[in-house]
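First the structure, in the form of structure tokens, and then the observations on it.
The values are calculated or read from the model by the stated rules, or taken from the named source; none is laboratory data. Owing to the predicted nature of the structure, the values given are computational and were not obtained by experimental measurement. With ideal geometry, Cβ positions are generated from the backbone for all residues, glycine too; neighbour counts draw on all protein chains shown.
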């Protein structure tokens, strides 16, 4: 099929004053208000000058815009289309929100982390986001990073990481059980060229601390990570399963033990605690150790 007419419309604007383009924002923002998002942001954020005025309302506007599909400052104009102003009160102009975000320092990002942690606790108390209170399933905390591709030479922090794609590196800690889907409990946006383990131990500790303030406190926790994070160590109490790179010492032990009782892979002596990694799940927390930390043991293991 061939298009026979040249399009005459160069752009389209949603300007019908009696219609809204994202009516689904009504229940979403009602839940955010009930969970105290605006109040938490207003109380915790201390962005200086007039750029930080009404911080709670601006954070709510940013959340509403992202929920409506905005992925840039200009896209935040979706909150001012049509009759959106009648259902999302206090929608700020994209330029105002951009000035607000550009005034942020890393300290303000940490303040937002505190807001997110308390908001998660409030959501868990009012909804089934983290499952039922009487559910006793094991809690799994998965930590992994991903590279988000960006464009433009002036993008702050953009770089080439392990994927070969120019972008920013996002480190995520998600929480799940046998009955709930993964929920992001902690996150950190880093420069694109940083190594995967950077800041991972602190992020895991913060995620576990956030869970400790919800009804998931007291349950068994298993922290899972891949080989890129095999050197990550945290002091919080939890079982761990970490994938490690294949090393000659590891291959030799696993091959020799294939026809007999599982022998320990290695012994890792940490400043605070010693643990033995095993091939089978004989222990509650099965842990593998990075290749450069191997201290091979003999096969005369009883």
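List of remarks:
- Output for segment 130-162, where each listed residue is at positive phi and free of Cβ contacts under 8 Å to residues at least 24 places away in the same chain: 152
Here's the yes/no breakdown for (1) surrounded by fewer than 18 Cβ atoms within 10 Å (Cβ to Cβ); (2) at pLDDT below 90; (3) within 14 Å of the chain's Cα centre (by Cα):
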{"site": "154", "(1), (2), (3)": "yes, yes, no"}
{"site": "157", "(1), (2), (3)": "yes, yes, no"}
{"site": "162", "(1), (2), (3)": "yes, yes, no"}
{"site": "167", "(1), (2), (3)": "no, no, no"}
{"site": "173", "(1), (2), (3)": "no, no, yes"}
{"site": "183", "(1), (2), (3)": "yes, no, yes"}
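- Taking the conditions (1) assigned to a helix (DSSP H, G or I); (2) more than 23 Å from the chain's Cα centre (by Cα); (3) loosely packed, with under 15 Cβ neighbours inside 10 Å in turn, residue 99 satisfies each one other than (3).
- Residues located in segment 96-124, provided they are in contact with a helix residue (DSSP H, G or I) (Cβ under 7 Å, 6 or more places away or on another chain) and closer than 28 Å to residue 80 by Cβ: 97, 99, 100, 103, 111, 115, 119
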